[in-house]
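A quick write-up on the structure given underneath.
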Amino acid sequence: MRNFVRLIRFFCWCFVLGLTGTGVIAASFYLYFSPHLPAVEQLREVQLETPLRIYTRDQQLIAEFGEKRRRPISLFQAPENLRNAFLAAEDSRFYDHHGVDIKGLLRASLQLISTGSIQTGGSTITMQAAKNFFLSQERTFTRKFKEILLAFKIEQTLEKDQIFELYLNKIYLGNRAYGVEAAANVYYGVSIDALTLAQSAMIAGLPKAPSRFNPLAAPERALIRRDWILDRMLELNMISEDMHAEARNSPITASYYGTQPDVDAPYIAEMARLEIVARYGADAYTTGYQAYVTVDSRLQKAADKALKRGLLAYSRRHGYKGIIDKLDPAMIEAPDTALEYLAPFPTAVGLVPGFVTEIGEQTAKVFTKDKELVELDWQALRWTNPYINVNKQGKRPKKTEEILAVGDVVYVSWNEKDGHMLAQMPNVQGALAALDPHDGAITALVGGFDFYLSKFNRATQAQRQPGSNFKPFIYLAALENGATAATIINDAPVVFEDDQLETSWRPENYSEKFYGPTRLRKALYLSRNLVSIRLLQKIGIKDTVSVVEKFGFDPARIPNNLSLALGSAAFTPLEIATGYAAIANGGFRVEPYLIDKILDHQGQVIFEANPAISCSECEDEISPKIDETNKLVEVNLLDADAVEAELVNRPYPMDSPPLAERVADPRSVFILNSVLQDVIKRGTAKRAQSLGRTDLAGKTGTTNDQVDAWFSGYNSNLAATVWVGFDQPSTLGRREYGGRAALPIWIDFMEAALQDRPEAPMKQPPGLVSVKIDPLTGVRAAPGQPDTIFEIFRKETAPQLTFNEDKARESLLTRDTPEPAPELIF
């Protein structure tokens, strides 16, 4: 008995000494590690690594940039079933322990002994949060001890719900998804509030091993893990037996859902990304910034569709270049193998490869890369004259067998207007840029046929000659220097000698004809080259450039010769659109801008654009005014300093936007606008009359040999420019003028953009008069004179009837030839 007591006493002392030793060791570790542990207080204001997101002005997602997909949520945004699934899987006693669960550690040990694996794990949610926020993933005793110490500190600092919320937002769940909201998006394409019980349990099974239990990579193991979690939830009375049975019988529905933009606008996204990173650096990818651009989603979709449709139409006009490949006969009977073969062929929005499965006399069926069986009728096939060169095609086919055979790999296009069509990947490129004339906001922009095939942004980077699309600025310079829309210029041959050229320059009209004395209005809406050259020669290049550069055109890129009259200076489509926006708003220079505002991860505005606005009404408040001597004082609206000084002295609200600089007399701009309206009414853009609007104006443009085709047009609320050409400049082909290659794209865009929008004509400024003139001479018509027309003039330039003008008319009427050229009449 005495020996037994001694033995008991010995074991008690061993236990006490062991416990004391363990305490001493633990205390030693604590004293050693504690000073070096991170301050858990920072978790109160932790900023989770969240990607940069770009949205349209109407809050449609364009793009997401950043390595980690994460969308932070509050704890109570997470459905109860999702929260319970995580608790059942990771830490059912989370709300009972103080950071470390001794029972949970013992349970995990017993599972390991009995089954050879651990289902629930020994780490609590608090310990996992400590590891994810502060520690590495290495498996060492030192790291585990730090994890335990940090868990205790976190529990002392934060509420349980705060810890759980941080955990649900921080945890990695595979496929670049961090946090439960991102996982719901990636695996199910929904927000967490739309998850089923089975889906919630599937996501809750991922933290243990995001790759091993991934429903995409290992669906069998993921299913076993999901069902164990459901069993555990039933065991813990978190769900009913009916809910358990229904969820357990649910099949795996996970699929990969990448970040799906609401609007396909990759050129816009890249422009915004570059600007934001230039402003904030690489941190922009991880700090959760939300950038809102000026783009309108409806207009952007319309621009993208219009450009693609127009470039595909150009490609069809020049003939079919043939199939892109041919399948082995065995593949036709094995669709999966055929689809694998199609995988490397590029796909564009609205253009997808496929293989011919069946042909009829004038029909064909194509199975596409998107697993869609498309039936093509003869309307979709009949355009396929064989391509020979840009100006020549072969004979039009009469039967499908002349075009296609079973097994041929081809492209199929689709759009709302044309439906499905046999197609080909176009070599031609294009761009469209649209602005709000009031402040320069970019409302739509497309930089090419497809961003993923070519990231070169032709709207902002391609400097191309605009041809006649630039003439309105030459004519505006003339109007600013005293000319009128009735001024007569002789459309006659002209030869220029240049010592730097081996031959003389003999410019011509596109028609290769000469039309004699011509009013400026008619010369512009019919795009007469020789009139433009003579006009520039009379005004002077220096005076012309001084006007043109005010519209945002870099004077260093403007040639110092008469070729400027034909648009030989190279500019980007966005620069041309900016110039036209200044015409559309009545003569104010606005700067194009894309970023409207940027919000930080807390939704606070950290940047907001403050563009200068065009405002004729504001000018009315500035001028005229009465000075202290009761005398009328005019402020020169073309003097920016005078306008700014006047605004400083006026009682305007301090938060009013700045006013854009006026760069042209509003009366000159109004006259030019009326001429550009005639381009659509009776000139080179008559096709635009199909829009059925009277508030539109614009100008076509084509360079030598039809290398570049343009159209720019506008009303008071929207200005848009379209360019079509090859990246390596070469001819688009005969008859591919601006009115054929570019104008239809502009029409398609404006038809959608202006749908249900009221007309927005330019307002007529004061100081203009309408005078009846002789259309042949441009002089004021005599009373009772027949065949007259009305013309708009500035008051001070309106023609007066004199006795000499009858002789002038008689001289012009009896002239047999257009030579010699008459003097320019100002």
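Structure above, values below:
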read-out: Within straight-line cross-link reach of Lys131, lysines at Cα separation under 26 Å, skipping those fewer than 8 residues along the same chain; value: Lys68, Lys103, Lys144, Lys146, Lys153, Lys160, Lys170, Lys208
read-out: Average accessible area per residue (Å²) across region 249-329 - probe 1.4 Å, nucleic acids and ligands excluded; value: 44 Å²
read-out: Region 259-381 - percent of accessible surface contributed by carbon and sulfur, probe 1.4 Å; value: 51 percent
read-out: Using a Förster distance of 30 Å, the FRET efficiency for Ser191-Glu375 (Cβ separation, nearest 0.05); value: 0.20
read-out: Packing-based ranking, highest mean first, of 190-200, 80-90 given that Cβ atoms within 10 Å are counted; value: 80-90, 190-200
read-out: Interchain or long-range residues, amide H under 5 Å from Phe607's placed H; value: Ile598
read-out: Simple spin-label estimate for Tyr95 and Ala405 in nanometres, 7 Å along Cα-Cβ; value: 7.3 nm
read-out: Residues of region 397-505: accessible area per residue with a 1.4 Å probe, Å²; value: 36 Å²
read-out: Shape call, region 730-792: gyration tensor on alpha carbons, a/c limit 1.5; value: oblate
read-out: Asn717 long-range amide H proximity, modeled H, under 5 Å; value: none
read-out: Cβ crowding within 10 Å averaged over residues, with 702-708, 183-189, 159-165 ranked highest first; value: 183-189, 702-708, 159-165
read-out: Residue (of Val495, Ser568, Asn585) at the positive-pole extreme of region 474-594, dipole from beta-carbon charges; value: Asn585
read-out: Ordering of 754-762, 514-522 by burial proxy (mean other Cβ atoms within 10 Å per residue, highest first); value: 514-522, 754-762
read-out: Cα centroid separation, region 156-202 to region 452-480 (Å); value: 50 Å
read-out: Rounded to whole Hz, the Karplus (6.51, -1.76, 1.60) HN-Hα couplings of region 755-770, x for glycine and proline; value: 4, 6, 9, x, 5, 9, x, 6, 6, 6, x, x, x, 10, 9, 10
read-out: Share of carbon and sulfur in the accessible heavy-atom surface of region 410-517 [1.4 Å probe, %]; value: 45 percent
read-out: Rounded to whole Hz, the Karplus (6.51, -1.76, 1.60) HN-Hα couplings of region 173-184, x for glycine and proline; value: 10, x, 6, 6, 8, 10, x, 5, 5, 5, 5, 4
read-out: Label-point gap, in nm, between Ile606 and Ala782 - each point 7 angstrom along Cα→Cβ; value: 7.7 nm
read-out: Those lysines that a straight Cα-Cα span of less than 21 Å connects to Lys301, excepting residues fewer than 8 apart in one chain; value: Lys417, Lys455
read-out: Efficiency of FRET between Phe726 and Ser255 - r from beta-carbon atoms, R0 41 angstrom, step 0.05; value: 0.55
read-out: Rounded to the nearest 20 debye, dipole of region 377-426 from Cβ charges on Lys, Arg, Asp, Glu; value: 320 debye
read-out: Label-point gap, in nm, between Ala278 and Glu416 - each point 7 angstrom along Cα→Cβ; value: 3.4 nm
read-out: Förster radius 45 Å - calculated FRET efficiency between Lys68 and Lys513 (Cβ-Cβ, nearest 0.05); value: 0.10
read-out: Lys321 long-range amide H proximity, modeled H, under 5 Å; value: Tyr387
read-out: Low-density loop cleavage sites - chymotrypsin sites (Phe, Trp or Tyr not before Pro) in region 446-488, where at most 11 other Cβ are within 10 Å (DSSP); value: Tyr452
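The values are calculated or read from the model by the stated rules, or taken from the named source; none is laboratory data. Remember, predicted model here, so these are calculated numbers, not experimental data. Virtual Cβ from ideal backbone geometry, glycine too; neighbours counted across all protein chains shown. For the accessible areas, the whole protein counts, side chains as well, though only heavy atoms, and no ligand, DNA or RNA atoms are used. Shrake-Rupley method; radii C 1.70, N 1.55, O 1.52, S 1.80 Å.
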